[in-house]
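*Asks:* After the structure tokens below, expect a handful of questions from me.
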Amino acid sequence: MAGTMTVLSWLKDFVEKVMPALNEIIIFFFIVFISFLIGKIVGRLVRKLLGDFKSDAWFRKLLGTSIPAAKLISGFTAGAIYTIGVIIALRAVGLGPAVITLLVVILFVSVVLGLLVALRDLIPNAVAGLTLRSRRDIRVGARLKMSEVEGLITEVTLLETHVKTREGEMVIIPNALFTRSAFRVKVKK
């Protein structure tokens with residue numbers, strides 16, 4: 001009988017210690033789930049609204065390239081909601097401001113590093129695109145030969161140059177290649 005009381009006493013102590021932690025875990029995941037649900041819904045609404053406003057076409061006109069603006073902005077919106085939800089969930093389970101600040105700093109640094117990695121091709125292409133715009137020979141209607149590509153330039157944007165080959169293929173050349181490769185241009189007079 002004494003052994004049974006010891007087991008019951010141990011079980012009671014275990015439940016009393018585990019239940020508050022289990023409640024906090026359930027609350028944490030519930031808040032995170034709700035924030036992800038809200039983030040997904042708001043992200044889709046933003047994407048739909050921006051799609052209705054033809055934001056991708058507007059950015060194409062503005063920057064001369066096809067950036068999926070609706071997708072990017074809706075993704076950032078959803079990500080912000082996710083982040084706020086996780087912060088609220090961490091506060092709800094009793095994590096102090098110092099821990100949350102550390103997590104936010106780590107998240108911010110991760111986002112910045114991710115953006116830098118994502119932009120590693122964008123920046124050289126944009127700089128090269130600005131350089132190409134200042135040149136008079138690389139323009140629509142000029143003939144271009146670069147390594148295995150030869151054809152007529154049909155479009156020069158900030159990030160890329162479109163060339164139509166004799167076979168009718170459209171070749172898109174990132175502008176940064178103009179700074180790293182030899183090329184020849186024949187301008188129609």
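*Asks:* So I88 passes all but one of these: (1) closer than 30 Å to A21 by Cβ; (2) in contact (Cβ under 8 Å) with a residue 60 or more places away in the chain. Which condition number does it fail?
*Replies:* Among (1) closer than 30 Å to A21 by Cβ; (2) in contact (Cβ under 8 Å) with a residue 60 or more places away in the chain, the lone unmet condition for I88 is (2).
*Asks:* Further, regarding this structure: Going residue by residue through segment 160-168, is there one that turns out to be out of contact with any strand residue (DSSP E or B) (no Cβ under 9 Å at 6 or more places or on another chain) and either surrounded by fewer than 17 Cβ atoms within 10 Å (Cβ to Cβ) or farther than 27 Å from K61 by Cβ (or both)?
*Replies:* So in segment 160-168, the residues out of contact with any strand residue (DSSP E or B) (no Cβ under 9 Å at 6 or more places or on another chain) come out as 168.
After this cut, where a residue has to be either surrounded by fewer than 17 Cβ atoms within 10 Å (Cβ to Cβ) or farther than 27 Å from K61 by Cβ (or both) as well, the list is 168.
Yes: segment 160-168 contains one or more residues that are out of contact with any strand residue (DSSP E or B) (no Cβ under 9 Å at 6 or more places or on another chain) and either surrounded by fewer than 17 Cβ atoms within 10 Å (Cβ to Cβ) or farther than 27 Å from K61 by Cβ (or both).
*Asks:* Is it the case that F76 is under 19 Å from the mean Cα position of the chain (by Cα), of a type in the set (A, V, I, L, M, F, W, C), closer than 30 Å to T161 by Cβ and at pLDDT 85 or above? Break it down stepwise before answering.
*Replies:* Working: under 19 Å from the mean Cα position of the chain (by Cα): yes; of a type in the set (A, V, I, L, M, F, W, C): yes; closer than 30 Å to T161 by Cβ: yes; at pLDDT 85 or above: yes.
Yes; evaluated as a whole, the condition is true for this residue.
*Asks:* Condition first: modelled with pLDDT under 90, in contact with a Phe, Trp or Tyr (Cβ under 9 Å, 6 or more places away or on another chain) and not assigned by TED's automatic domain parsing to the domain that holds L158. Can you find one or more residues in segment 52-66 that meet it?
*Replies:* First, pick out the residues of segment 52-66 that are modelled with pLDDT under 90: 52-66.
With the extra rule that they be in contact with a Phe, Trp or Tyr (Cβ under 9 Å, 6 or more places away or on another chain), the set shrinks to 65-66.
Then keep just the ones that are not assigned by TED's automatic domain parsing to the domain that holds L158; that gives 65-66.
Scanning segment 52-66, I find at least one residue that is modelled with pLDDT under 90, in contact with a Phe, Trp or Tyr (Cβ under 9 Å, 6 or more places away or on another chain) and not assigned by TED's automatic domain parsing to the domain that holds L158, so the answer is yes.
*Asks:* Would you check if V104 is closer than 30 Å to I27 by Cα and touching a residue at least 24 places away in the same chain (Cβ under 8 Å)?
*Replies:* Values: closer than 30 Å to I27 by Cα: yes; touching a residue at least 24 places away in the same chain (Cβ under 8 Å): no.
So V104 fails the test.
*Asks:* Specify the residue that is nearest to I84 (Cα to Cα); the eligible residues are those in segment 1-56 that are within 26 Å of the chain's Cα centre (by Cα) and charged (D, E, K, R).
*Replies:* K40
*Asks:* Could you grab me the full set of residues in segment 88-146 that are of a type in the set (S, T, Y) and touching a helix residue (DSSP H, G or I) at 6+ places or on another chain (Cβ under 8 Å)?
*Replies:* T131
*Asks:* Here's another thing I want to ask about it. Among the numbered conditions (1) assigned by TED's automatic domain parsing to the domain that holds F59; (2) surrounded by 17 or more Cβ atoms within 10 Å (Cβ to Cβ), tell me where L102 comes up short.
*Replies:* (2)
The values are calculated or read from the model by the stated rules, or taken from the named source; none is laboratory data. Quantities reported herein were computed from a predicted structural model and do not represent experimental measurements. All Cβ positions, glycine included, derive from the backbone under ideal geometry; neighbour counts span all protein chains shown.
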